[in-house]
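Written out below as structure tokens is the structure these notes cover.
The values are calculated or read from the model by the stated rules, or taken from the named source; none is laboratory data. Keep in mind it's a predicted model, so treat the numbers as computed, not measured. When we count neighbours, we look across all protein chains shown, and the Cβ atoms used for this are built from the backbone with ideal geometry, even at glycine. For accessibility, only protein heavy atoms count, side chains too; no ligands or nucleic acids. Shrake-Rupley method; radii C 1.70, N 1.55, O 1.52, S 1.80 Å.
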Amino acid sequence: MSMTQSMIQENLDRINNRVIDAAHRSGRTPSEILVVAVTKTQSAETLELAYNAGVRVVGENRVQEVLEKWPNFEQKFEWHLIGHLQTNKVKYIVDKVDLIHSLDSLRLADEISKQAVKIGRIIPVLVQINVDEEDSKFGIKVEDVDKFINAVSALPGIKVCGLMNIAPFSENDVFLRKTFKKMKEIFESLKNKAYNGVDMTYLSMGMTHDFEIAIEEGANVIRVGTGIFGTRS
Ligand SMILES: *Cc1c(COP(=O)(O)O)cnc(C)c1O
């Protein structure tokens, strides 16, 4: 089913209202929470509708899709890469993305830095944390985070601006809350350590099914696809 302008507008309004409520419940300011509209699998037509509805920040998880969509929407959106990035594809997107949420290895950090230096950029990144230590997930293990961030902070073309996590799919709010709480603790502890060249600004966690809990536990970036664009085909 393809989405109409008014369907996207209504969905977006509903998400924004839920963000406002969740922010208020946790004593936070709604305007400090960024909603990244996850446009993966969505067509150029849908992106245009999203723009008309007020979307200004989009998240994609595949390099190929960024390459297809970016030329027509370069100026309209801020582009975030939210999915696992293969080292050999960094060179194609290093001039296009505004934030990479999914830094998950030192090899990838080296390559992002190398390609960024070539074009005179410093790429802001979030470190993806595998906080529940799931085998199936990308991300840095909690015990390795300090060492990892220290190593990345020495690279000239990349700047760590926060953390990201993808919670396991679960209907169990207690479990999800625990996961987000743990992320927030790591975030605060790194902020207190104030590593040189590292800004702990963004905590990206929460998707359509769990973003309210994420906000209540401290997320200031959420990534919402289905809630705005409907079920992906
Ligand atoms: C697809 C995706 C999302 C959005 O998921 P929804 O459940 O559709 O909101 C968020 N983050 C990442 C990393 C994704 O790949």
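Checked against (1) without any contact (Cβ under 8 Å) to a residue 12 or more places away in the chain; (2) within 16 Å of the ligand (Cβ to nearest atom), GLU185 passes all but condition (2). Among the residues of the range 127-154, those identified as closer than 18 Å to VAL198 by Cβ, surrounded by 15 or more Cβ atoms within 10 Å (Cβ to Cβ) and free of Cβ contacts under 8 Å to residues at least 40 places away in the same chain are VAL127, GLN128, GLY139, ILE140.
The condition (being exposed (fewer than 13 other Cβ atoms within 10 Å of the Cβ), under 21 Å from SER204 (Cβ atoms) and modelled with pLDDT of 95 or more) is satisfied by just one residue among SER6, SER31: SER31.
When each of LYS40, LYS76 is tested for being closer than 24 Å to PHE229 by Cβ, basic (Lys, Arg) and within 17 Å of the chain's Cα centre (by Cα), the lone residue that passes is LYS40. Looking only at residues in the range 167-198 that are under 17 Å from the mean Cα position of the chain (by Cα) and open to solvent by 60 Å² or more (accessible area, probe 1.4 Å), which one is farthest from ALA151 (Cα to Cα)? Ranking the candidates gives PHE169 first.
Within the range 208-229, residues that are at positive phi and at pLDDT 95 or above sit with their Cβ atoms under 6 Å from residues that are more than 9 Å from the ligand (Cβ to nearest atom) and not in a helix (DSSP H, G or I), at 6+ positions apart or across chains, in these pairs: GLY218/LEU203. From the list GLY227, GLY157, GLY162, the one residue that fits, being open to solvent by less than 10 Å² (accessible area, probe 1.4 Å) and either within 16 Å of the ligand (Cβ to nearest atom) or charged (D, E, K, R) (or both), is GLY162. From the list ILE215, ILE222, the one residue that fits, being under 18 Å from PHE180 (Cα atoms) and assigned to a helix (DSSP H, G or I), is ILE215.
Within the range 9-20, the residues that satisfy the criterion of being over 20 Å from SER204 (Cβ atoms) and touching a helix residue (DSSP H, G or I) at 6+ places or on another chain (Cβ under 9 Å) are GLN9, ASN11, ARG14. Considering the conditions (1) without any contact (Cβ under 8 Å) to a residue 60 or more places away in the chain; (2) touching a Cys at 6+ places or on another chain (Cβ under 9 Å); (3) within 16 Å of the ligand (Cβ to nearest atom), PRO124 is excluded by exactly one of them, (3). For the range 199-224, taking the residues that are near the ligand (Cβ under 9 Å from one of its atoms) and among the hydroxyl-bearing types (Ser, Thr, Tyr), the one that is farthest from the chain's Cα centre (by Cα) is identified as THR208.
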